[in-house]
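Novice: Got a structure for you, written out below as structure tokens; questions coming shortly.
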Amino acid sequence: MKSYLTGLVAAAALTVAAIAPAAAQQGSRIIVVTHGQANDPFWSVVKNGVSEAGKDMNVQVDYRAPETFDMVAMSQLIDAAVNQNPAGLVVSIPDASALSASIQKAVAAGIPVISMNSGSDVSKKLGAMLHVGQDEVEAGRIAGAKLKEMGGKVGLCVNQEVGNVSLDLRCQGFTEGFGGKVTVLPVTNDPTDIRAKVKAALAADSSVDTILALGAGTAGEPSVAAVKDAGKTGAVRVATFDMSAGFLKSIATGEAAFAIDQQQFLQGYLPVVFLALNAKYGLMPGGNVPSGPNLITKEKANQVIELSAKGIR
Amino acid sequence: MVHTTQPATDLSPAPAARKIQDERLKEVSLLTKIMRRPELGALAGLILVTIFFLSTADPSMFTLAGVMNILSPAAQLGILAIAAALLMIGGEFDLSIGSMVAFTGLVFGAFLTLTGWPLLLAIAGTFVVAAILGGLNGQIVIRTRLPSFIVTLAFLFILRGLSLVGLKWATGGSTQMRGIDAQGESEIVRELFSGSALEGLFAWLAANDLIAKFPNGTPTVTGVPVSILWFIGFALVATWILLRTRAGNWIFASGGDANAARNSGVPVDRVKTGLFMLTACAAALVAILTVLDAGSTDARRGFQKEFEAIIAAVIGGCLLTGGYGSAIGAFFGAIIFGMVSIGLTYTRFDSDWFQVFLGAMLLLAVLFNNFIRRKVTGER
């Protein structure tokens, strides 16, 4: 028993030694706290942007996120970041009420804060220097108008992150721009679950001719698969927020209509660059930076596919 | 057990020396007594985890602000874990507590914003709703004799779903209820359930340079969050009940052998129903604390907290089969969990490894705990 335990401890210590960076270099350190789980393909692109900016700017970066969409846990992660007194802090703000105290604490501690992805409406009020992201209502409206133009009348809005206000806003913008009847379908972020639920929704209401998914890898691809299962490919137009390699292939083959690219790589990359330059030279852009939307239709799809598979778009 | 019949000739009163030979009456040293407590392993696990972070994490993790930062998630989880531990000692599970946090959070938010009830009434109303749901859980388990695992799993989904339905109904379509504000409410009630305690003391300490300050002069820690005080208080009360009261004996008896307990006159059904109501009310307390703290609630609150609470209780020495465990063990278990989940952000490890680490650290803590317990109890 004893040797078994010693072995375990030794194994743990070895793992630690193997993964720990060779030397924790001192100097500029920028911490990024988001609500995006590491296994979500969308957020892995953001994380790649963060890492690349860290390399390009030669600063230390740390990407942190709670394991589930948990605002209480996220505020605690921000507190933890503030305690380490970084040269800059990047946060996403999906729930301003729950996160404001922690963000204001960071500002009070004299840490420059940039918000990204969600929270453009409250960013300035909480003391962030600027926001890098996409206006969700406007992007939803543009997508809705485009889908209406393509002939859509009855729509389905597939929400895989119930509880996130930004996603509610996307559905709201879609409803406004689309003009027709829109039903919101809440799902989990499990592809099998989404596929089954979308299939059921299509069977329940045969008049549905348009689906807007709120995430490509999470909700978009299973929605395309569900439409295929129902034998309605082409008859039901599927569009999605964000992009994934699989969904882009579906656009290229005509199974899906388009993807709304908010270019989230920039949301990870730019704030780190801004904060690194701020630490070095005191530079900071004068206003919010819109990272999207950019509608990726059949013509643009192929050129984006390669980069999407690499986790850059 | 083997009963040896006494020879008929030996009816004379037993000499004093005989009594001591009965192993149940054997005097054990204080040290052995301490070593036999179920929570010892959890304490040892906590020390192990602390050593790990002392050697790998940024030193700011163990500053005052860092420790408060670790204790906040530990407190929220711990309130649930202590209640879950009592229920597990009583021989049942409650998988619905995570969903109960979301649902009672919604109920509380609705009472405050929709009906405009004063804070005290809203809090009382939320506890009543939670107690009714907990009682319902318990009654279904007792009357149908189905495993509590299944019954409460059903409620895990029902309550999570009801939270979503209720939120959309209450907010007119959003999955998040914002702007829940208790300002202007009764001072004492608000102080009890939100913000920080001992703010004056911390301001004084900061003014005298005894604790760290931000550049603008406010202390890095403005007080002890009330959730931490609830956590400590609940752990003490639960331990006292378990070890010093009749109700505590009933809980151990109900979980150890329900039939034997019933035959000795323990109201097993009442004990179990009460425990289900307790876990539901603990979930309601966490919901009230977090909703007042965050000013909002959403459909994902308390997600997977039921598993974390059971893990913390098991780290704290509870047996999955019931009849054995401790509240103070769950207290340490929750702190281990909080330390691991927040502590990793103070290290330089890539966050992709987070869950691997969390799982490995917990496994290590439980194995170590188990090892220590076997060593000291001589269990095979």
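The values are calculated or read from the model by the stated rules, or taken from the named source; none is laboratory data. Since we're looking at a predicted model, the values are computed, not measured. Virtual Cβ from ideal backbone geometry, glycine too; neighbours counted across all protein chains shown.
Novice: Please work out which residue is nearest to A:Val187 (Cα to Cα), limiting yourself to segment A:36-69 and to residues that are at the interface with another protein chain (Cβ under 7 Å from one of its Cβ atoms) and surrounded by 24 or more Cβ atoms within 10 Å (Cβ to Cβ).
Specialist: Going through the qualifying residues, I end up with A:Phe69.
Novice: Please count how many residues of segment A:97-129 are surrounded by 21 or more Cβ atoms within 10 Å (Cβ to Cβ) and within 18 Å of the chain's Cα centre (by Cα).
Specialist: 9
Novice: Sticking with this structure for a sec: Within segment A:105-116, does at least one residue satisfy the condition of being within 13 Å of chain B (Cβ to nearest Cβ), of a type in the set (D, E, K, R) and either part of a loop (DSSP other than H, G, I, E, B) or touching a Leu at 6+ places or on another chain (Cβ under 6 Å) (or both)?
Specialist: no
Novice: Moving on. Would you confirm whether or not segment B:252-269 contains a residue that is within 18 Å of B:Ala85 (Cβ to Cβ), within 14 Å of chain A (Cβ to nearest Cβ) and either buried (at least 23 other Cβ atoms within 10 Å of the Cβ) or at pLDDT below 95 (or both)?
Specialist: The answer is no; no qualifying residue exists.
Novice: Do any residues in segment B:338-360 that are facing another protein chain (nearest Cβ under 9 Å) have Cβ atoms under 6 Å from those of residues that are hydroxyl-bearing (Ser, Thr, Tyr), where the two are at least six apart or on different chains, and which pairs are they?
Specialist: Short answer, once both residue conditions are applied: B:Thr347/B:Thr56; B:Ser351/A:Tyr63.
Novice: Here are some conditions: (1) more than 9 Å from chain A (Cβ to nearest Cβ); (2) surrounded by 15 or more Cβ atoms within 10 Å (Cβ to Cβ). B:Gly217 meets all but one. Which one does it not meet?
Specialist: So B:Gly217 meets the others, but not (2).
Novice: Quick check on my filter: what residues within segment A:82-91 are within 7 Å of another protein chain (Cβ to nearest Cβ) and either assigned to a helix (DSSP H, G or I) or in contact with a Lys or Arg (Cβ under 7 Å, 6 or more places away or on another chain) (or both)?
Specialist: A:Asn83
Novice: Please pick out the residue among B:Leu278, B:Leu285, B:Leu320 that is outside any helix (DSSP H, G or I), away from chain A (no Cβ under 12 Å) and either in contact with a Ser or Thr (Cβ under 7 Å, 6 or more places away or on another chain) or among the aliphatic types (A, V, I, L, M) (or both).
Specialist: One residue alone meets the criteria, B:Leu320.
Novice: Looking only at segment A:196-206, decide whether some residue is part of a helix (DSSP H, G or I), without any contact (Cβ under 8 Å) to a residue 60 or more places away in the chain, basic (Lys, Arg) and over 24 Å from A:Gly119 (Cα atoms).
Specialist: Checking segment A:196-206: at least one residue is part of a helix (DSSP H, G or I), without any contact (Cβ under 8 Å) to a residue 60 or more places away in the chain, basic (Lys, Arg) and over 24 Å from A:Gly119 (Cα atoms).
Novice: Consider A:Lys249 carefully, then state whether it is on the phi < 0 side of the Ramachandran plot, under 21 Å from the mean Cα position of the chain (by Cα), surrounded by fewer than 24 Cβ atoms within 10 Å (Cβ to Cβ) and of a type in the set (D, E, K, R).
Specialist: yes
Novice: For segment A:252-291: of the residues being more than 17 Å from A:Gly140 (Cβ to Cβ), of a type in the set (Val, Ile, Thr) and touching a strand residue (DSSP E or B) at 6+ places or on another chain (Cβ under 6 Å), which is modelled with the lowest pLDDT?
Specialist: The selected residue is A:Val289.
Novice: Take segment B:128-147 and flag every residue that is in contact with a Leu (Cβ under 8 Å, 6 or more places away or on another chain) and crowded, with 19+ Cβ neighbours inside 10 Å.
Specialist: Answer for segment B:128-147, where residues must be in contact with a Leu (Cβ under 8 Å, 6 or more places away or on another chain) and crowded, with 19+ Cβ neighbours inside 10 Å: B:Leu133, B:Gly134, B:Gly138.
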